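Okay, structure first, notes after.
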């Protein structure tokens, strides 16, 4: 036990720093799911016994893992699996940002500020930790989740079963690391381009019958947000980020397990500058060069999940969980500089505290039928505070005084979301499985709404090599909570901060019908081919845009929408060689902006009212590929991300040029080095130093330009113990 405590002590300082280093005011293709690596254990040794006494490994934990996975179902949906070997084979390994990990899946397009778009949707992703829903954070740049604590991840898309509601473009189902069969851990450092400095660590073991896995990291670099220019380095772009995560479990008895997950992320960002810009407004006594602006943004997310999971007899599996999440964002403007260049300077503080319950269960009625049912309830308290300075303007919108005026606004709202579902998995034959059911969702927020959503999915094993799947799903998607009250718009009348138009209809829930059809075929024992097509018909299509100086997102609706596409996947694995290739073709269209119209010019509103327009995040072609080869203790790997470019221009009528980013790495595991067991990894990101734009500053709801990262070289050293 003393050795376990020693490992915990080695990480305690790191994790403590991760929880408190930034202060913010409170304001892989597969169709099957694998269980997490690592096993919970029961310690039957006497606490006063020798430190060398080993805990007795219980097979109960493996049974409970299988039971938990059995509660979930994927029938009829498209599933892409990324396992622990796939993560290690990436050029940056476990240091890969989590969003970059998801970019390896088919149909996932990258955007600025760490945003991801799956199958033509704007965000709309649902994250789950060991099957438990994690309420989303306020939109920002930071990544709440850390690849280091991920054992495996499944991305579910298409026609989802009834247990999945609300955010349905993709279900990011994360299986976290747990305590291993033997105690261990590591501590590492990363150094490289953009003045990158990172220290990280992780450990697992058992103390007094409690299995644990903990990890933490501290990171600082000079490329926190995408560069607004194509230069190798950015002006005023420093970031410091800290993350901490812990998984703790206790086997109450062979059939029951109590688990606790704790997570924390703190991030501080400087907003990058562009030199040589010309001021648009005159401010008394102000003369700030654009390269010297000092805007910052702080973000924080904290979450906890307490779950009770078990089995009753041979036929009933269940999991009940209580969860809590706090998220906060604070944008600090350059008071005078923002006034000079944009005509408004706004200090923004947003926060949300969500608490909820989730329960899921399955009952094997007989050999042919398995019933699954559950519910979820989330209550969130939202606060929004804006402290603005702007300049007086005449009736034509021209500045009429150089003396700023102050405008304050704030709001508080309590929202609730409730969902229940029931479904039946029917094994009609050994080759044919049908999953059918429905869920009911009710929303009470800035708007109210409800919907009964039928779901049906079928999987047919044509032969040993070929599997067909098809599905239909009706979806109900509530808008995000970042809504600006109408009073804000009225307060800015006759100022340089006035909105382009005055319309402000309430943002409505999105309602859609999704159809999915796919096939998976084993060309050989090593090579698998997959093809999947989908079509989504939408009413009140939800999108988000970045409006104003604060780099936060605001939702709005198109009255109609349609999204369709096709995906091709290839996966090869033989001995020490693995490779994958994903190609996606997608189209995402909307018509007639029907809410939050004040963010748009009248010319755009008029055009979009009568034309189908591409959504700003619509990327026609998306490609991801990678390969790895292990030779003795050395791993050579590479990955490619390519795309036809996001939309740009007036009403998204154009798109940015094609881009390709190539990443390479070599990693060697030293079994016996001067520091003991260690791994050294050398990675090159965008090794060809391609200069490409992610955004050019034009398009519907698009802010400043952003460029992809230029070439970066990183050295990571990890000491294992």
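Estimate the FRET efficiency between residue 412 and residue 252 by the formula 1/(1 + (r/R0)^6), using the beta-carbon distance for r and 30 Å for R0, to the nearest 0.05. Efficiency for this residue pair is about 0.15.
Fewest-first ordering of 502, 408, 642, 307 by other beta carbons within 10 Å of each residue's beta carbon gives 408, 502, 642, 307. Entry note, segment 563-628: relative contact order of 40 percent, from Cα contacts under 8 Å with a spacing of 6+ residues. Peptide packing: for 71-84, 246-259, 283-296, the average count of neighbouring Cβ atoms within 10 Å per residue gives the ranking 71-84, 246-259, 283-296, highest mean first. If you plug the beta carbon distance of residue 460 and residue 294 into 1/(1 + (r/R0)^6) with R0 = 45 Å, you get a FRET efficiency near 0.15.
Pulled fully out, how much extra length does the chain show between residue 229 and residue 365, if you take 0.36 nm times their separation in residues and subtract their Cα-Cα distance? If you can, show how the numbers build up before the last one.
Details: separation 136, 0.36 × 136 = 48.96 nm, distance 6.09 nm.
Computed gain between residue 229 and residue 365 is 42.9 nm.
Adding -39500 (n - 2.57) for every DSSP H run of four residues or longer, then dividing by how many residues the chain holds, sets the calculated 222 nm ellipticity at -2500 deg cm²/dmol. With Cα atoms defining each centre, segment 164-188 and segment 663-721 are spaced 22 Å apart in the structure. Model label points for residue 316 and residue 650, set 7 angstrom from Cα along the Cα-to-Cβ axis, are 6.6 nm apart.
Relative to the present Cα-Cα distance, how much length would full extension add between residue 568 and residue 658 at 0.36 nm per residue of separation? Before the final figure, lay out each step's value.
Working: separation 90, 0.36 × 90 = 32.40 nm, distance 1.91 nm.
Going from the current span to full extension adds 30.5 nm.
Label-to-label distance, residue 673 versus residue 395, with points set 7 angstrom from Cα along the beta-carbon direction: 7.4 nm. Shape call for segment 332-453 from the C-alpha gyration tensor, a ≥ b ≥ c root eigenvalues: rounded (a/c under 1.5), prolate (a/b greater than b/c) or oblate? Prolate, since a/c reaches 1.5 and a/b exceeds b/c. For Rg/Rh (Cα atoms, Kirkwood Rh), computed directly from the structure shown, the correct entry in (i) 1.12; (ii) 0.99; (iii) 0.96 is (iii).
Segment 222-282 and segment 95-143 have Cα centres lying 13 Å from one another. For segment 548-593 and segment 284-320, write down the distance between their C-alpha centroids in whole Å. Rounded to whole Å, the Cα centres lie 23 Å apart.
Each label was represented as a point 7 Å from its Cα along the Cα-to-Cβ direction; for residue 308 and residue 432 these points are 4.2 nm apart.
Within the chain, DSSP assigns beta bridges of which about 100% are antiparallel (rounded to the nearest 5).
Rule-based calculations on the coordinates, nothing more; no lab input. Because the structure is predicted, anything quoted here is derived from the model rather than measured. Note that we place each Cβ from the backbone using ideal geometry, even for glycine, and neighbour counts take in every protein chain shown.
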